[in-house]
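The values are calculated or read from the model by the stated rules, or taken from the named source; none is laboratory data. Predicted model, so just to flag it, every value in this text is computed and none were measured. Methodologically, a virtual Cβ is constructed for each residue, glycine included, from the backbone with ideal geometry; neighbour enumeration extends over all protein chains shown.
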Amino acid sequence: MGEVHIGLPGPWAENCREKADHYTTKIGGLPDWPIPEPNIKRELLYCRVCDGRLCLVAQVYAPILSTKLNIEERAIYIFGCPNQDCGKNPDSWRAIRLQKGDQDSEPNLALSNTLPSEKESFPMDGASNWLKDTLLMNDSGKLNDGSVGDKKLDDLARAFSEASALSSCSKKQNRKKRNNSSTRARVGRTTAEETPVPVLPCFYIYFQTNQAHGSIDAVSSFYSSLTLKEDVYPATDTDEEEKWVGETYEYDKALGADTTYLKFKKQMDTYPEQCLRYSYGGIPLLATSNSIEPDKCIHCGSPLVYELQLFSPILYFLQQAANASVACSADGWSWITLIVYTCSRVCTSYLNS
Amino acid sequence: MAERGAGDRGGFGRGFGRGRGDRGDRGRGGRGRGRRGGGRRDEEEKWVPVTKLGRLVKEGKITSLEQIYLHSLPVKEHQIVDTLLGGRLKDEVMKIMPVQKQTRAGQRTRFKAFVVVGDSDGHVGLGVKCAKEVATAIRGAIILAKLSVVPVRRGYWGNKIGKPHTVPCKVTGKCGSVTVRLVPAPRGAGIVAARVPKKVLQFAGIEDVYTSSRGSTKTLGNFVKATFDCLMKTYGFLTPDLWLETRFSKSPFQEYTDLLAKPTKAILIENSETIEA
């Protein structure tokens, strides 16, 4: 629970449309759904504001492996709208959580014969045991980049998650569904070719556990402009009148940055390239002090728990690699961090047949 | 795509090219007037900007600090100032003093460092940092000082011959009980001030000025901050030569979002044309 995993950028994908599996954690590219794409509701993949197709920002493999709850098949997909105007609108962001339901705990599936193989094998062709929850992210306080007259850079993007209900079916319906899904999949594929999905440049993420806090001070020694070669102490004051008196501890403050932001920056400087921070049930790293508490899960009403957050080096890397003819670009976005909360009860809902 | 695949497997940060090589040498903390450090280290090249302003500066779209000051954009990364002011920026530690806090287990001592940075040509910054170790405090104070770099307006005492050399008008700054008043002086007067604020004024690039202070100037921390506050106010003072109406220009963010929005449309059109052809 308390452990923090830092996601650092790894190698670039050779082709930004290349397929991986749902166990990969990556930024950009095409989403690797464990179920066929037509099974996913259309409105989840389209922007609420401009109704354009959303592009995948991040795909994170996020199993929950605690003593109480053991869900190995779980992934979170975060989508954003590449449209220039939508980037500032919190409604255009979306996070989807997909997980494989634990059949013993699902009352609906008690009627059907559960195949143990279905749990182990992960068929990509419409296993309807996959329960899908959509987390709709609402970002409040998104970064204003000056175009609306607000010249402040200091913003925080927050994501709230909600799970939407989709019901899964019994085994008989499974068979029917599989047939249906396969035909739908064929149709789906042709339509996908006609309208190309916007895709961001893709790179993979590898994780590192956050090291001890004691090393944070050592990080600032990286900056050679700040290292000292000569004797540290300044010349002693020879004048008697210049005794500096009356000083007490003072919190860090700069003209454009307050204490919270400076602490945030200090954490960022431990790993300057960090793109992702995963800590199920941990504490988010905030960049501003005006934090908004997330609402409860809209489906089960249980409180939301912090799971992961994205950082702006993602935007930097995506913008560096943006090639306008191939992929859409992340230029319209200018957030510092994007926080994703998920349902603490890990509630699930069923696919509508 | 080819250029992306070429060198990106290993060093992630390097694959994007280090075209912005105008870092130059930087001043270092320590004793004495101003030092110039030699040689870069690889870690410094790894500046991954967090803010949008940082990204624009790294790409080279913003070439001077004045563009940032004009739109009052907060500077949140000290590397921005490093990139824009480069080697001209010198720094100096003014004082390191221990501050103590009484705890049950005795006294806990921390060190407070006062650092002033400046290029002696109209930009100055002051940083104050408390930390358990001296070296950490100095490094932290240098970073805070760079984040607080402000422009200083200079003017003339009398005839407008040559470069501006003194403050444009009488300005006063206050911190705690200390008030510092800067008064324009003729050329050759030099900085007529106590030793500590004199340093700040030298880093700001003011050549001649008369000062007058009031309050408990023994609290030199407040004295230095009052001088800095005074220098911040020089550009806030409306003088008759500023009476002309301002022509507002686009903020860098707006300017560059528009710039970035255009080429994508153009290239898409070209692609469709080639397909049809």
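A few notes on this one:
- In segment B:120-135, residue surrounded by the fewest Cβ atoms within 10 Å (Cβ to Cβ) [restricted to those that are hydrophobic (A, V, I, L, M, F, W, C) and more than 7 Å from every other protein chain (Cβ to nearest Cβ)]: B:Ala131
- Options A:Leu54, A:Leu98, A:Leu44: the member that is on the phi < 0 side of the Ramachandran plot, of a type in the set (A, V, I, L, M, F, W, C) and in contact with a Ser or Thr (Cβ under 7 Å, 6 or more places away or on another chain): A:Leu44
- For segment B:45-77, filtering for residues that are more than 8 Å from chain A (Cβ to nearest Cβ), surrounded by fewer than 16 Cβ atoms within 10 Å (Cβ to Cβ) and out of contact with any strand residue (DSSP E or B) (no Cβ under 9 Å at 6 or more places or on another chain) leaves 7.
- Meets criteria (at the interface with chain B (Cβ under 7 Å from one of its Cβ atoms), outside any loop (DSSP other than H, G, I, E, B) and at pLDDT 50 or above) for A:Tyr261: yes
- Qualifying positions in segment A:303-324 - without any contact (Cβ under 8 Å) to a residue 60 or more places away in the chain, under 14 Å from the mean Cα position of the chain (by Cα) and assigned to a helix (DSSP H, G or I): A:Leu315
- Meets criteria (over 22 Å from A:Lys253 (Cβ atoms) and either touching a Gly at 6+ places or on another chain (Cβ under 8 Å) or modelled with pLDDT of 90 or more (or both)) for B:Lys90: yes
- Residue in segment A:307-351 that is surrounded by the most Cβ atoms within 10 Å (Cβ to Cβ), counting only those that are touching a Phe, Trp or Tyr at 6+ places or on another chain (Cβ under 9 Å), modelled with pLDDT of 75 or more and within 17 Å of A:Leu98 (Cα to Cα): A:Thr342
- Qualifying residue in segment A:290-299 (condition: at pLDDT below 75 and charged (D, E, K, R)): no
- Candidates B:Thr166, B:Thr136 - the one that is over 28 Å from A:Thr259 (Cβ atoms) and touching a strand residue (DSSP E or B) at 6+ places or on another chain (Cβ under 9 Å): B:Thr166
- For segment B:104-119, the tally of residues that are surrounded by fewer than 24 Cβ atoms within 10 Å (Cβ to Cβ) and either over 12 Å from the mean Cα position of the chain (by Cα) or outside any loop (DSSP other than H, G, I, E, B) (or both) stands at 9.
- For A:Gly214, the test of being modelled with pLDDT of 80 or more and either more than 30 Å from A:Ala322 (Cα to Cα) or exposed (fewer than 15 other Cβ atoms within 10 Å of the Cβ) (or both) is failed.
- Among the residues listed as B:Lys265, B:Lys250, B:Lys170, the single one being at negative phi, modelled with pLDDT of 95 or more and basic (Lys, Arg): B:Lys170
- Screening segment A:58-99 for residues that are among the aliphatic types (A, V, I, L, M) and assigned to a loop (DSSP other than H, G, I, E, B) and picking the one that is farthest from A:Ile314 (Cα to Cα) gives A:Leu69.
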